[in-house]
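Take a look at the structure below.
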Amino acid sequence: MAMAMLPSFWIFLMAVCVPGGGAQTVQMDASKWGFVGSQVELRCLFVNSNPPVKISQVTWQKFLNGSKQNVAIANPSLGVSVLPPFKDRVSFKQPAVRHHTPSLEDTTITFSNLRLSDEAAYICEYTTFPAGNRENMVNLTVLARPMTVMTLSAPTIVARSSNRKMTVATCLSANGKPPSLITWDTRLKGEASVQETRNDNGTVTVLSSYVVVPSRAAHKQKLTCIVSYRNERITDSVVLNVLYEPEVTVEGFDGNWYLNRQDVLLICKADANPPVTVYQWKLLNGSMPANAEIRNNTLLFKGAVTNEVAGTYVCDATNSIGTRSGQVEVNVTEFPNIPPPGGHEIPQEQHSSGAAIGGAVGGVVLLAAAGALLFVFLRRRQRTFKGDYSTKKHVFGNGYSKAGGLPAHPPMPKNLQYPEDSDDEKKPAQIGGGPGGFEGSERDFDGDAEDLKRPYFTVDEGESRDYDERTLAFQYDPEPEMADDMVSQTDGSVISKKEWYV
């Protein structure tokens, strides 16, 4: 009787803290979850005592924010009743409960077509006699799978010279519960931003944007949005279509355009989106050569190359985004860098390689020739000179003595005079004819009169060559030798220049 007078919330606490309140217990799951639109079962079992108590009624209630709302009631006498707004979505699982005299030990209910508003705590309460009320509770969580959409930010993405950043793609995860996590997978360098919005129904919408600088490099790049929701991974991708001005290059000049080369051409190549519609050719600071013919993106020079072909050629390429230019400077040489074998043009790389090899070979040949000339010169000089520089040759007048033939060296004249205003070769003459003068006579030599008639020099006796004891080197006129042909040595001797330089 005292139990019947307790407030209902005290009864609820007793059921949760001490399940069954004695021998009788109400068994339920602690929590359950399901997605919006799905179905879930909320289990409720009554474990009776022995002898069993009488079950008068079972009531399911929704407990939210401190208040209770009846969901379904099962009474042995009155039957089953499901209250709005659950009438079409809640039913008792066991068929016996649905009979007019139901069995109420298992009163599990089935929730169909879950709604976000169904999220709450649900109480299963048994009314018994004479034990009183017994109850337990389960927490129901309703999840919302998000809707994922990835879109391009604009139908047209144009690359501008200003290099301004812009959003090129967005990834949306809408009405998710709990909220999603959005990441990006791409090779394109950019920045990602994320914004979350909490909706009134408890869901969260996540929006992520990808920001880049539109460029030619961004064209045809793949962007993949990755949405992570609980244990699920949702991906979506787009390929960027970036419009940009033409990127122009002029090809065809290989650095080997020479006079009379036949039928050369230049090609204007442009990378553009959309494609180039108009090509225009021009020659800087001049007019096109007479043999030039324009064929869309090709400039053909018919016939032989002339000096008129040389110059700087410019190609303008235009599409719907803009116009860009490319240029090349053409030089014409008189002869080819390397003559093309068999009439086929040789690439510039082969020209460069051939020039380098030719230069190396030419250098080696030149060094070999210089070495050969030097060898011949030294050899001839060695064969011509048959004297001995280690032995001083003393010269007097127009003859030479044998090495070591004089007991002493005659002193060099200190005072020489030359006839003035003479066209003849200057000849030294002694000032004064005394004993200190430079004058050769027969008394100065050994008396071999035949030796005095012609100049000669001797080879040392120890030199092993096929020469006679006296070897005639040069023949001179019988006139006396000129003093300026003599070279003074530090020991007082003189040596003829002719002996050195012939």
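The values are calculated or read from the model by the stated rules, or taken from the named source; none is laboratory data. Everything quoted here is computed from the prediction, not taken from an experiment. Don't worry about glycine lacking a Cβ; one is built from the backbone with ideal geometry, like all the others, and counts go over all protein chains shown. We work out accessible area using only protein heavy atoms, side chains counted, and drop any ligands, DNA or RNA first. Shrake-Rupley method; radii C 1.70, N 1.55, O 1.52, S 1.80 Å.
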Residue count for the range 47-98, restricted to those that are touching a residue at least 12 places away in the same chain (Cβ under 8 Å), of a type in the set (A, V, I, L, M, F, W, C) and outside any strand (DSSP E or B): 4
All positions within the range 195-206 that are open to solvent by less than 20 Å² (accessible area, probe 1.4 Å) and of a type outside the set (S, T, N, Q): Val204, Val206
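Conditions (1) part of a strand (DSSP E or B); (2) open to solvent by less than 30 Å² (accessible area, probe 1.4 Å); (3) within 16 Å of Val332 (Cα to Cα), marked per residue:
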position	(1), (2), (3)
Val264	yes, yes, yes
Cys268	yes, yes, no
Pro289	no, yes, yes
Gly303	yes, yes, yes
Which listed residue, of Met28, Met3, is more than 60 Å from the chain's Cα centre (by Cα), modelled with pLDDT under 75 and of a type in the set (A, V, I, L, M, F, W, C): Met3
Some residue of the range 76-99 being modelled with pLDDT under 85, among the basic types (Lys, Arg) and either closer than 28 Å to Arg145 by Cα or surrounded by fewer than 16 Cβ atoms within 10 Å (Cβ to Cβ) (or both): yes
Search result, residues across the range 248-285 that are at positive phi and either of a type in the set (Val, Ile, Thr) or touching a Ser or Thr at 6+ places or on another chain (Cβ under 9 Å) (or both): Gly252, Gly255, Asn260, Asn285
Matching residues, the range 305-325, being open to solvent by less than 20 Å² (accessible area, probe 1.4 Å) and part of a loop (DSSP other than H, G, I, E, B): Val305, Asn319, Gly322
Exclusive hit being of a type in the set (S, T, N, Q), open to solvent by 40 Å² or more (accessible area, probe 1.4 Å), closer than 17 Å to Ser209 by Cα and in contact with a strand residue (DSSP E or B) (Cβ under 6 Å, 6 or more places away or on another chain), set Thr156, Thr170, Thr151: Thr151
Residue in the range 227-237 that is touching an Asp or Glu at 6+ places or on another chain (Cβ under 7 Å) and either within 17 Å of Val328 (Cα to Cα) or modelled with pLDDT of 95 or more (or both) present: no
Residues located in the range 119-134, provided they are acidic (Asp, Glu) and within 13 Å of Phe46 (Cα to Cα): Glu125
Selection count, the range 227-261, where residues are open to solvent by less than 60 Å² (accessible area, probe 1.4 Å) and among the β-branched types (Val, Ile, Thr): 6
Enumeration of residues in the range 131-190 that are part of a loop (DSSP other than H, G, I, E, B), in contact (Cβ under 8 Å) with a residue 40 or more places away in the chain and touching a helix residue (DSSP H, G or I) at 6+ places or on another chain (Cβ under 9 Å): Ala131, Ala159, Leu188
Unique residue being out of contact with any Phe, Trp or Tyr (no Cβ under 6 Å at 6 or more places or on another chain), modelled with pLDDT of 95 or more and surrounded by 14 or more Cβ atoms within 10 Å (Cβ to Cβ) when the list is Ser180, Ser215, Ser209: Ser209
Tally, over the range 191-222, of residues that are over 28 Å from Ser117 (Cα atoms), more than 25 Å from the chain's Cα centre (by Cα) and not in a strand (DSSP E or B): 0
